[in-house]
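Student: I am attaching a structure below and will ask some questions about it afterwards.
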Amino acid sequence: MKFDLDRLEASALLLGDALRKTAKDAYRSGRALLGEIRYDIDAFRQRDPAATDDAEIVLLYSGFHARTAHRLSHALHKRGHIRTARAVSQGARFLTGIEIHPGATIGRGLVIDHGSGVVIGETAEIGDDCTLYQGVTLGGTGKDSGKRHPTLGNNVMVGAGAKVLGPVTVGDNAKIASGAVVLHEIPADSTAVGIPARVVRVGGQRVANDLDQIHIPDPISNELSALRAELGALKTRLETLEQMPAAPQTPEAAPKAEKVEKKAAPRRAVRKKKEE
Ligand SMILES: CC(C)(COP(=O)(O)OP(=O)(O)OC[C@H]1O[C@@H](n2cnc3c(N)ncnc32)[C@H](O)[C@@H]1OP(=O)(O)O)[C@@H](O)C(=O)NCCC(=O)NCCS
């Protein structure tokens, strides 16, 4: 067998180029990934006053572990390894108590503080620099298909136990109070509280709210007051009429007036008795 040295040399060069390119790409992606992880660690240090050093966050913060596992499960999910991705996410849930679906799209600098009980659905999207506390759900209402989970903008804070349900959008810099249940869109730079959540601050300014849960008008009492006022007015009018001197009567009207007077006299007597 005769070797074609030229072809062999060309193939070796091609292989070398491919390997160099692969190594370069791997190096670049590795560096980018490390940069992202570095950013996450800094986010924990900035937003959790209890975090003392990087090692503590890397070794002991379940929110950081869950987010890092999600990077792996999300990459697998995107490449179509659905079951393996789910296995990674369920493993992370077992270890951290935080369930992030591999399909969820998450920006940089997510801080999940304390973590336990956090659930993030498949079609949820989270912008950069968001903070979630324990017990937060970014879930569906059960009524939507396709995109059925919320979208959080950048720098959104969702307080402990809050639920954001359905394909709603929470604008940049919004704060969702602990325990709130968000079912509708929340504008940027606002604070939403309660169940269902209502916006109480926009840009730090108090919002006049139509949904005052304390000073609710009572329709029955309003109706009674209106009736009482009407009755009072009628009574006054009647008294005025009774005090008026009787009008001179025409010969035709006299029998009619006599009839009316005959009917009114006993009623007047009863009313007078009651008033006494
Ligand atoms: C909502 C929150 C972010 C404060 O936001 P803010 O924009 O500074 O708003 P304010 O503190 O001025 O409160 C605005 C109004 O909402 C009310 N409010 C605040 N938090 C609330 C809550 N969780 N539930 C119901 N109402 C709440 C306030 O009493 C205030 O009412 P008012 O307008 O009648 O005075 C904060 O109260 C909160 O809930 N943070 C969550 C933190 C958390 O989960 N920590 C867990 C650590 S383990």
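Student: Considering segment 1-42 alone, what residues qualify as being of a type in the set (Phe, Trp, Tyr) and surrounded by 10 or more Cβ atoms within 10 Å (Cβ to Cβ)?
Tutor: The answer is TYR27, TYR39.
Student: Restricting attention to segment 76-96, which residues are crowded, with 16+ Cβ neighbours inside 10 Å and under 29 Å from the mean Cα position of the chain (by Cα)?
Tutor: HIS77, ALA85, ARG86, VAL88, SER89, ALA92, ARG93, THR96
Student: Here is a further query. Can we say TYR39 is modelled with pLDDT of 95 or more, aromatic (Phe, Trp, Tyr) and out of contact with any Leu (no Cβ under 7 Å at 6 or more places or on another chain)?
Tutor: yes
Student: Within the bounds of segment 146-166, is there any residue that is in contact with a Pro (Cβ under 7 Å, 6 or more places away or on another chain), free of Cβ contacts under 8 Å to residues at least 24 places away in the same chain and either surrounded by fewer than 18 Cβ atoms within 10 Å (Cβ to Cβ) or of a type outside the set (Asp, Glu) (or both)?
Tutor: Checked segment 146-166: no residue is in contact with a Pro (Cβ under 7 Å, 6 or more places away or on another chain), free of Cβ contacts under 8 Å to residues at least 24 places away in the same chain and either surrounded by fewer than 18 Cβ atoms within 10 Å (Cβ to Cβ) or of a type outside the set (Asp, Glu) (or both).
Student: Mind listing whichever residues of segment 1-47 are among the hydrophobic types (A, V, I, L, M, F, W, C) and under 30 Å from LEU132 (Cβ atoms)?
Tutor: Residues satisfying the conditions are ALA32, LEU33, LEU34, ILE37, ILE41, ALA43, PHE44.
Student: Give just the number: which of (1) within 16 Å of the ligand (Cβ to nearest atom); (2) without any contact (Cβ under 8 Å) to a residue 60 or more places away in the chain; (3) of a type in the set (A, V, I, L, M, F, W, C) does LEU72 not satisfy?
Tutor: (1) is the only condition that LEU72 fails.
Student: Something else about it: With the checklist (1) more than 17 Å from the chain's Cα centre (by Cα); (2) farther than 25 Å from LEU34 by Cα in hand, flag the one item GLY109 doesn't pass.
Tutor: Answer for GLY109: the failing condition is (2).
Student: Moving to a separate point now. For the list (1) assigned to a loop (DSSP other than H, G, I, E, B); (2) surrounded by fewer than 20 Cβ atoms within 10 Å (Cβ to Cβ), I need the number of the one condition that ARG201 fails.
Tutor: Of (1) assigned to a loop (DSSP other than H, G, I, E, B); (2) surrounded by fewer than 20 Cβ atoms within 10 Å (Cβ to Cβ), only one is false for ARG201: (1).
Student: Additional query: Are any residues in segment 43-75 buried (at least 16 other Cβ atoms within 10 Å of the Cβ), among the hydrophobic types (A, V, I, L, M, F, W, C) and assigned to a loop (DSSP other than H, G, I, E, B), and if so, which ones?
Tutor: ALA51
Student: Quick check, is GLY97 touching a helix residue (DSSP H, G or I) at 6+ places or on another chain (Cβ under 7 Å), within 16 Å of the ligand (Cβ to nearest atom) and on the phi > 0 side of the Ramachandran plot?
Tutor: yes
The values are calculated or read from the model by the stated rules, or taken from the named source; none is laboratory data. Because the structure is a prediction, the values reported are computed rather than measured. Cβ coordinates were reconstructed from backbone atoms using ideal geometry, including for glycine residues, and neighbour counts include every protein chain displayed.
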